[in-house]
Amino acid sequence: MAIDNAFPIFDGHNDTLLDLALPKPGQDRNFFTRSEHGHLDLPRAREGGFGGGFFAVFVPSFPRSEADDLGIIFTEDGYEVPMAPPVDLIPAQEMALALVASLFRLEAASDGQLQVVRTAGELARCLHEGVLAAVLHFEGAEAIDRDFDALEVFYQAGLRSLGLVWSRPNAFGYGVPFQYPRSPDTGPGLTEAGRDLVRACNRLRIMIDLSHLNEAGFWDVAALSDAPLVATHSGVHALCASTRNLTDRQLDAIRETGGMVGLTFTVSDLREDGGNDADTPLSTMVRHIHYLTERVGIDGVGFGSDFDGTTVPAEIGDVTGMPRLVAALRESGYGDAELRKLTHENWLRVLRQTWGR
Ligand SMILES: [Zn+2]
(Lines give C-alpha, C1' and ligand atoms only; values in the text may rest on other atoms or scores of the structure.)
Protein backbone atom coordinates (compact mmCIF):
# COMPACT_ATOMS: atom_id res chain seq x y z
CA MET A 1 0.00 0.00 0.00
CA ALA A 2 1.34 3.44 -0.89
CA ILE A 3 1.97 5.68 2.11
CA ASP A 4 0.67 9.21 2.01
CA ASN A 5 3.31 11.42 3.62
CA ALA A 6 0.70 14.03 4.51
CA PHE A 7 -0.51 11.69 7.25
CA PRO A 8 2.47 10.57 9.32
CA ILE A 9 1.19 8.70 12.34
CA PHE A 10 2.19 9.77 15.82
CA ASP A 11 1.07 7.25 18.38
CA GLY A 12 0.24 7.43 22.08
CA HIS A 13 1.78 4.20 23.38
CA ASN A 14 4.12 1.33 22.61
CA ASP A 15 5.96 -1.24 24.74
CA THR A 16 8.73 -1.82 22.20
CA LEU A 17 11.60 -1.03 24.62
CA LEU A 18 10.46 -3.80 26.98
CA ASP A 19 9.86 -6.25 24.14
CA LEU A 20 13.38 -5.61 22.80
CA ALA A 21 14.91 -5.93 26.29
CA LEU A 22 12.94 -8.98 27.42
CA PRO A 23 11.77 -10.81 24.29
CA LYS A 24 9.58 -13.86 24.48
CA PRO A 25 11.58 -17.10 24.18
CA GLY A 26 12.96 -17.46 20.63
CA GLN A 27 11.76 -14.00 19.59
CA ASP A 28 14.94 -11.95 19.94
CA ARG A 29 15.09 -9.10 17.48
CA ASN A 30 16.91 -5.92 16.57
CA PHE A 31 15.04 -2.61 16.16
CA PHE A 32 16.88 -1.81 12.92
CA THR A 33 16.18 -5.10 11.18
CA ARG A 34 12.80 -6.10 9.86
CA SER A 35 11.42 -8.87 12.07
CA GLU A 36 8.47 -11.22 11.99
CA HIS A 37 8.24 -10.88 15.76
CA GLY A 38 6.62 -8.05 17.68
CA HIS A 39 4.75 -5.14 16.14
CA LEU A 40 7.27 -2.35 15.69
CA ASP A 41 10.78 -1.94 14.29
CA LEU A 42 12.34 0.78 12.14
CA PRO A 43 11.83 -0.85 8.71
CA ARG A 44 8.20 -1.67 9.47
CA ALA A 45 7.62 1.80 10.98
CA ARG A 46 8.73 3.34 7.68
CA GLU A 47 6.52 0.98 5.70
CA GLY A 48 3.51 1.84 7.87
CA GLY A 49 3.97 5.62 7.73
CA PHE A 50 4.64 5.60 11.48
CA GLY A 51 6.29 8.91 12.36
CA GLY A 52 6.80 8.21 16.04
CA GLY A 53 5.16 7.91 19.39
CA PHE A 54 5.42 7.54 23.13
CA PHE A 55 8.01 4.87 23.98
CA ALA A 56 7.04 3.44 27.35
CA VAL A 57 9.38 2.49 30.16
CA PHE A 58 7.45 -0.19 32.02
CA VAL A 59 8.62 -2.28 34.96
CA PRO A 60 6.76 -5.61 35.07
CA SER A 61 5.57 -7.18 38.31
CA PHE A 62 6.64 -10.61 37.07
CA PRO A 63 9.39 -12.02 34.87
CA ARG A 64 8.31 -11.75 31.24
CA SER A 65 7.72 -15.50 30.91
CA GLU A 66 4.89 -15.26 33.42
CA ALA A 67 3.62 -11.86 32.36
CA ASP A 68 1.65 -13.20 29.42
CA ASP A 69 -0.46 -15.30 31.74
CA LEU A 70 -1.76 -12.80 34.24
CA GLY A 71 -3.96 -15.44 35.84
CA ILE A 72 -7.13 -14.43 34.03
CA ILE A 73 -10.37 -15.82 35.46
CA PHE A 74 -13.29 -16.10 33.07
CA THR A 75 -16.64 -15.22 34.58
CA GLU A 76 -20.19 -15.75 33.32
CA ASP A 77 -20.19 -12.53 31.27
CA GLY A 78 -16.54 -11.51 31.11
CA TYR A 79 -13.25 -11.84 32.95
CA GLU A 80 -11.24 -10.60 35.89
CA VAL A 81 -7.49 -10.58 36.37
CA PRO A 82 -6.03 -10.62 39.90
CA MET A 83 -4.29 -7.32 40.68
CA ALA A 84 -0.56 -7.47 39.93
CA PRO A 85 1.65 -6.94 42.99
CA PRO A 86 3.45 -3.62 43.57
CA VAL A 87 7.10 -3.10 42.58
CA ASP A 88 9.57 -1.54 45.02
CA LEU A 89 11.49 1.65 44.26
CA ILE A 90 15.02 0.25 43.92
CA PRO A 91 14.29 -2.63 41.50
CA ALA A 92 11.99 -0.28 39.58
CA GLN A 93 14.75 2.33 39.24
CA GLU A 94 17.22 -0.32 38.12
CA MET A 95 14.89 -1.52 35.36
CA ALA A 96 13.83 2.02 34.37
CA LEU A 97 17.48 3.08 34.03
CA ALA A 98 18.16 0.09 31.77
CA LEU A 99 15.16 0.84 29.53
CA VAL A 100 15.87 4.58 29.33
CA ALA A 101 19.48 3.77 28.43
CA SER A 102 18.26 1.33 25.76
CA LEU A 103 16.27 4.13 24.10
CA PHE A 104 19.30 6.45 24.04
CA ARG A 105 21.39 3.61 22.61
CA LEU A 106 18.81 3.14 19.86
CA GLU A 107 19.01 6.86 19.13
CA ALA A 108 22.81 6.76 19.02
CA ALA A 109 22.87 3.69 16.76
CA SER A 110 20.17 5.01 14.43
CA ASP A 111 22.43 7.31 12.42
CA GLY A 112 19.89 10.11 12.68
CA GLN A 113 16.88 7.95 11.88
CA LEU A 114 15.45 8.04 15.42
CA GLN A 115 15.40 11.03 17.74
CA VAL A 116 14.27 11.36 21.35
CA VAL A 117 12.20 14.56 21.24
CA ARG A 118 11.89 16.97 24.16
CA THR A 119 9.88 19.82 22.60
CA ALA A 120 6.91 20.05 20.27
CA GLY A 121 9.15 21.94 17.85
CA GLU A 122 11.50 18.95 17.65
CA LEU A 123 8.54 16.61 17.23
CA ALA A 124 7.10 18.69 14.38
CA ARG A 125 10.47 18.78 12.63
CA CYS A 126 10.92 15.00 12.95
CA LEU A 127 7.45 14.32 11.54
CA HIS A 128 8.17 16.68 8.68
CA GLU A 129 11.60 15.23 7.90
CA GLY A 130 10.72 11.57 8.37
CA VAL A 131 12.88 11.05 11.46
CA LEU A 132 11.21 8.60 13.87
CA ALA A 133 10.25 10.70 16.92
CA ALA A 134 10.36 9.04 20.34
CA VAL A 135 8.79 10.64 23.42
CA LEU A 136 10.23 9.14 26.60
CA HIS A 137 7.29 7.99 28.75
CA PHE A 138 7.02 6.12 32.05
CA GLU A 139 4.05 3.77 32.36
CA GLY A 140 3.69 3.85 36.14
CA ALA A 141 5.75 5.98 38.55
CA GLU A 142 7.33 3.11 40.51
CA ALA A 143 10.84 4.41 39.69
CA ILE A 144 10.05 7.85 41.18
CA ASP A 145 10.99 8.47 44.82
CA ARG A 146 8.98 10.54 47.28
CA ASP A 147 11.38 13.50 47.09
CA PHE A 148 11.13 13.49 43.29
CA ASP A 149 14.92 13.36 42.87
CA ALA A 150 14.50 10.72 40.16
CA LEU A 151 11.80 12.81 38.51
CA GLU A 152 14.18 15.77 38.21
CA VAL A 153 16.98 13.59 36.83
CA PHE A 154 14.79 11.64 34.39
CA TYR A 155 13.22 14.92 33.26
CA GLN A 156 16.66 16.33 32.49
CA ALA A 157 17.42 13.13 30.58
CA GLY A 158 14.30 13.57 28.45
CA LEU A 159 11.27 12.24 30.34
CA ARG A 160 8.27 14.18 29.02
CA SER A 161 5.28 11.97 29.91
CA LEU A 162 4.35 10.00 33.01
CA GLY A 163 1.50 7.65 33.86
CA LEU A 164 1.07 7.85 37.63
CA VAL A 165 0.13 4.17 37.77
CA TRP A 166 -0.10 0.99 35.73
CA SER A 167 -2.83 -1.51 36.63
CA ARG A 168 -1.63 -2.04 40.20
CA PRO A 169 -1.27 0.07 43.34
CA ASN A 170 1.83 2.17 43.99
CA ALA A 171 2.92 5.00 46.30
CA PHE A 172 0.98 7.54 44.26
CA GLY A 173 -2.36 5.93 43.46
CA TYR A 174 -4.32 2.92 42.35
CA GLY A 175 -4.48 1.46 38.86
CA VAL A 176 -7.57 -0.36 37.63
CA PRO A 177 -7.51 -4.15 37.76
CA PHE A 178 -8.21 -5.62 34.30
CA GLN A 179 -11.86 -6.56 34.44
CA TYR A 180 -14.97 -6.73 32.24
CA PRO A 181 -17.72 -5.75 32.63
CA ARG A 182 -16.95 -3.22 35.34
CA SER A 183 -16.79 0.53 35.86
CA PRO A 184 -13.30 2.13 36.20
CA ASP A 185 -14.40 3.28 39.67
CA THR A 186 -12.44 0.52 41.38
CA GLY A 187 -10.86 2.08 44.47
CA PRO A 188 -9.56 5.15 46.28
CA GLY A 189 -8.08 8.29 44.75
CA LEU A 190 -4.50 9.53 44.71
CA THR A 191 -2.37 9.39 47.83
CA GLU A 192 -0.87 12.59 49.20
CA ALA A 193 2.35 11.64 47.37
CA GLY A 194 0.27 11.24 44.20
CA ARG A 195 -1.17 14.72 44.54
CA ASP A 196 2.34 16.10 45.06
CA LEU A 197 3.49 14.22 41.96
CA VAL A 198 0.76 15.89 39.89
CA ARG A 199 2.00 19.30 41.06
CA ALA A 200 5.61 18.33 40.35
CA CYS A 201 4.71 17.22 36.82
CA ASN A 202 2.83 20.46 36.23
CA ARG A 203 5.84 22.44 37.41
CA LEU A 204 8.21 20.54 35.10
CA ARG A 205 5.55 20.45 32.38
CA ILE A 206 5.70 16.66 32.15
CA MET A 207 2.52 15.30 30.54
CA ILE A 208 0.38 13.23 32.94
CA ASP A 209 -1.12 10.10 31.38
CA LEU A 210 -4.46 8.95 32.81
CA SER A 211 -4.64 5.51 31.12
CA HIS A 212 -4.66 2.70 33.75
CA LEU A 213 -5.64 5.13 36.55
CA ASN A 214 -8.88 4.38 38.39
CA GLU A 215 -11.77 6.82 38.25
CA ALA A 216 -11.27 8.41 41.69
CA GLY A 217 -7.64 9.07 40.78
CA PHE A 218 -8.75 10.52 37.44
CA TRP A 219 -10.98 13.05 39.20
CA ASP A 220 -8.17 13.96 41.60
CA VAL A 221 -5.89 14.74 38.65
CA ALA A 222 -8.71 16.65 36.95
CA ALA A 223 -9.15 18.82 40.06
CA LEU A 224 -5.42 19.45 40.56
CA SER A 225 -3.72 19.58 37.19
CA ASP A 226 -3.37 22.75 35.14
CA ALA A 227 -2.61 20.80 31.93
CA PRO A 228 -4.97 19.28 29.36
CA LEU A 229 -6.24 15.85 30.52
CA VAL A 230 -4.77 13.03 28.42
CA ALA A 231 -5.32 9.27 28.22
CA THR A 232 -2.68 7.84 25.87
CA HIS A 233 -4.20 4.41 25.22
CA SER A 234 -7.81 3.87 26.26
CA GLY A 235 -11.21 3.26 24.69
CA VAL A 236 -14.88 4.12 25.14
CA HIS A 237 -16.59 2.49 28.13
CA ALA A 238 -20.04 2.91 26.55
CA LEU A 239 -18.87 0.66 23.66
CA CYS A 240 -16.79 -1.82 25.68
CA ALA A 241 -17.35 -1.94 29.43
CA SER A 242 -13.79 -2.76 30.54
CA THR A 243 -12.17 -1.01 33.52
CA ARG A 244 -9.48 0.37 31.16
CA ASN A 245 -12.01 2.46 29.23
CA LEU A 246 -13.33 5.97 29.82
CA THR A 247 -16.87 6.84 30.87
CA ASP A 248 -18.85 9.60 29.18
CA ARG A 249 -18.26 11.89 32.18
CA GLN A 250 -14.51 11.34 31.90
CA LEU A 251 -14.62 12.04 28.15
CA ASP A 252 -16.53 15.27 28.84
CA ALA A 253 -13.88 16.35 31.36
CA ILE A 254 -11.13 15.63 28.84
CA ARG A 255 -12.96 17.75 26.29
CA GLU A 256 -13.38 20.66 28.73
CA THR A 257 -9.62 20.89 29.29
CA GLY A 258 -8.72 20.65 25.61
CA GLY A 259 -7.17 17.25 26.26
CA MET A 260 -7.25 14.07 24.22
CA VAL A 261 -7.64 10.31 24.04
CA GLY A 262 -5.33 8.01 22.07
CA LEU A 263 -7.51 5.08 21.06
CA THR A 264 -6.08 1.77 22.24
CA PHE A 265 -5.80 -1.07 19.70
CA THR A 266 -6.21 -3.70 22.45
CA VAL A 267 -9.02 -5.89 21.13
CA SER A 268 -10.42 -6.66 24.60
CA ASP A 269 -10.88 -2.92 25.19
CA LEU A 270 -12.51 -2.43 21.77
CA ARG A 271 -14.94 -5.33 21.40
CA GLU A 272 -18.43 -5.02 22.80
CA ASP A 273 -18.04 -8.52 24.32
CA GLY A 274 -14.62 -7.72 25.88
CA GLY A 275 -13.11 -10.81 24.22
CA ASN A 276 -9.37 -11.17 23.58
CA ASP A 277 -9.94 -12.11 19.93
CA ALA A 278 -7.68 -10.72 17.18
CA ASP A 279 -10.45 -11.47 14.69
CA THR A 280 -11.89 -8.01 15.38
CA PRO A 281 -12.87 -5.92 12.36
CA LEU A 282 -11.54 -2.42 11.74
CA SER A 283 -15.15 -1.25 11.89
CA THR A 284 -14.99 -1.84 15.67
CA MET A 285 -12.11 0.67 15.91
CA VAL A 286 -13.87 3.09 13.59
CA ARG A 287 -16.90 2.97 15.91
CA HIS A 288 -14.76 4.03 18.89
CA ILE A 289 -13.16 6.83 16.85
CA HIS A 290 -16.58 8.12 15.79
CA TYR A 291 -17.83 8.03 19.37
CA LEU A 292 -14.73 9.89 20.56
CA THR A 293 -14.81 12.57 17.88
CA GLU A 294 -18.49 13.09 18.70
CA ARG A 295 -17.97 13.26 22.47
CA VAL A 296 -14.47 14.77 22.88
CA GLY A 297 -14.38 16.56 19.52
CA ILE A 298 -12.30 16.15 16.37
CA ASP A 299 -9.43 17.98 18.11
CA GLY A 300 -9.31 15.52 21.01
CA VAL A 301 -8.70 12.11 19.43
CA GLY A 302 -5.66 10.21 18.18
CA PHE A 303 -4.16 6.73 18.21
CA GLY A 304 -2.60 4.85 21.14
CA SER A 305 -1.76 1.47 19.65
CA ASP A 306 -0.03 -0.31 22.55
CA PHE A 307 2.13 -2.05 19.91
CA ASP A 308 4.39 -4.73 21.40
CA GLY A 309 2.26 -4.79 24.54
CA THR A 310 -1.06 -6.25 23.51
CA THR A 311 -3.26 -8.17 21.05
CA VAL A 312 -4.26 -5.90 18.14
CA PRO A 313 -6.84 -6.58 15.42
CA ALA A 314 -5.52 -9.06 12.83
CA GLU A 315 -6.41 -6.63 10.02
CA ILE A 316 -3.80 -4.28 11.50
CA GLY A 317 -1.36 -7.05 12.45
CA ASP A 318 1.58 -4.78 13.16
CA VAL A 319 2.65 -1.20 12.44
CA THR A 320 2.57 -1.87 8.68
CA GLY A 321 -1.24 -2.16 8.99
CA MET A 322 -1.73 1.46 10.09
CA PRO A 323 -2.59 2.68 6.57
CA ARG A 324 -5.51 0.23 6.53
CA LEU A 325 -6.96 1.95 9.62
CA VAL A 326 -6.48 5.38 8.05
CA ALA A 327 -8.19 4.11 4.87
CA ALA A 328 -11.10 2.72 6.91
CA LEU A 329 -11.49 6.08 8.66
CA ARG A 330 -11.46 7.88 5.32
CA GLU A 331 -14.09 5.50 4.01
CA SER A 332 -16.22 6.19 7.10
CA GLY A 333 -16.38 9.89 6.21
CA TYR A 334 -13.31 11.70 7.59
CA GLY A 335 -11.65 14.10 5.13
CA ASP A 336 -8.02 15.18 4.77
CA ALA A 337 -8.08 17.90 7.45
CA GLU A 338 -9.71 15.55 9.98
CA LEU A 339 -7.31 12.71 9.18
CA ARG A 340 -4.33 15.01 9.71
CA LYS A 341 -5.70 15.78 13.19
CA LEU A 342 -6.36 12.14 14.05
CA THR A 343 -3.01 10.85 12.77
CA HIS A 344 -0.70 13.44 14.34
CA GLU A 345 -1.87 17.05 14.61
CA ASN A 346 -3.89 16.55 17.80
CA TRP A 347 -0.96 14.93 19.61
CA LEU A 348 1.29 17.75 18.42
CA ARG A 349 -1.15 20.40 19.66
CA VAL A 350 -1.68 18.81 23.09
CA LEU A 351 2.04 18.28 23.61
CA ARG A 352 2.85 21.85 22.57
CA GLN A 353 0.25 23.11 25.02
CA THR A 354 1.47 20.82 27.83
CA TRP A 355 5.20 21.25 27.31
CA GLY A 356 5.00 24.96 26.47
CA ARG A 357 7.36 24.76 23.51
ZN1 LIG B 1 -0.83 0.10 29.10
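Looking at region 126-142, which of the residues that are over 18 Å from Thr354 (Cα atoms) and more than 16 Å from the ligand (Cβ to nearest atom) is most open to solvent (accessible area, probe 1.4 Å)?
His128
Counting just the residues of region 309-319 that are more than 16 Å from the ligand (Cβ to nearest atom) and in contact with a Ser or Thr (Cβ under 9 Å, 6 or more places away or on another chain), which one comes out most open to solvent (accessible area, probe 1.4 Å)?
The residue in question is Glu315.
Scanning region 289-308 for residues that are within 16 Å of the ligand (Cβ to nearest atom) and not hydrophobic (A, V, I, L, M, F, W, C), which turns out farthest from Val57 (Cα to Cα)?
Ranking the qualifying residues of region 289-308, first place goes to Gly302.
Output yes when any residue across region 334-344 is of a type outside the set (S, T, N, Q), more than 16 Å from the ligand (Cβ to nearest atom) and part of a loop (DSSP other than H, G, I, E, B), and no when none is.
The answer is yes; a qualifying residue exists.
In region 245-277, which residues are within 15 Å of the ligand (Cβ to nearest atom), over 15 Å from Leu292 (Cα atoms) and touching a helix residue (DSSP H, G or I) at 6+ places or on another chain (Cβ under 6 Å)?
Once the filter is applied, which keeps residues that are within 15 Å of the ligand (Cβ to nearest atom), over 15 Å from Leu292 (Cα atoms) and touching a helix residue (DSSP H, G or I) at 6+ places or on another chain (Cβ under 6 Å), region 245-277 yields only Asn276.
Of the residues that make up region 60-68, is at least one modelled with pLDDT under 95, open to solvent by 30 Å² or more (accessible area, probe 1.4 Å) and touching a strand residue (DSSP E or B) at 6+ places or on another chain (Cβ under 6 Å)?
no
Go through region 81-118 residue by residue and tally those that are of a type in the set (S, T, N, Q) and either under 16 Å from Thr16 (Cα atoms) or open to solvent by less than 20 Å² (accessible area, probe 1.4 Å) (or both).
Looking only at that region, the number is 3.
Would you check if Gly48 is in contact with a helix residue (DSSP H, G or I) (Cβ under 8 Å, 6 or more places away or on another chain), open to solvent by 20 Å² or more (accessible area, probe 1.4 Å) and either at pLDDT 95 or above or of a type in the set (A, V, I, L, M, F, W, C) (or both)?
No: the conditions fail for Gly48.
Where in region 11-109 are the helices (runs of 4 or more DSSP H), entirely inside, with at least 3 residues that are within 15 Å of the ligand (Cβ to nearest atom)?
So the answer is 16-21.
I'd like the full set of residues that are open to solvent by 10 Å² or more (accessible area, probe 1.4 Å) and outside any helix (DSSP H, G or I), limited to region 191-210.
Thr191, Arg205, Ile208
Restrict the check to region 211-218 and report whether at least one residue is surrounded by fewer than 21 Cβ atoms within 10 Å (Cβ to Cβ) and of a type in the set (A, V, I, L, M).
yes
Results for (1) open to solvent by 10 Å² or more (accessible area, probe 1.4 Å); (2) of a type outside the set (S, T, N, Q); (3) touching a strand residue (DSSP E or B) at 6+ places or on another chain (Cβ under 9 Å), shown as yes or no for each residue.
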position: Thr266; (1), (2), (3): yes, no, yes
position: Asp277; (1), (2), (3): yes, yes, no
position: Leu292; (1), (2), (3): no, yes, yes
position: Phe307; (1), (2), (3): no, yes, yes
position: Gly321; (1), (2), (3): no, yes, no
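Just to be sure I understand, how many residues within region 224-245 are over 12 Å from Thr266 (Cβ atoms) and open to solvent by 10 Å² or more (accessible area, probe 1.4 Å)?
The number of residues fulfilling the criteria is 9.
So, in region 156-183, how many residues would count as being outside any loop (DSSP other than H, G, I, E, B) and either hydrophobic (A, V, I, L, M, F, W, C) or under 18 Å from the mean Cα position of the chain (by Cα) (or both)?
8
The values are calculated or read from the model by the stated rules, or taken from the named source; none is laboratory data. On a predicted model such as this, the values are computed, not experimentally measured, just so you know. Quick reminder, even Gly has a Cβ in these numbers, built from the backbone with ideal geometry, and neighbours come from all protein chains shown. In case anyone asks, the SASA skips ligands and DNA or RNA and just uses the protein heavy atoms, side chains included. Shrake-Rupley method; radii C 1.70, N 1.55, O 1.52, S 1.80 Å.
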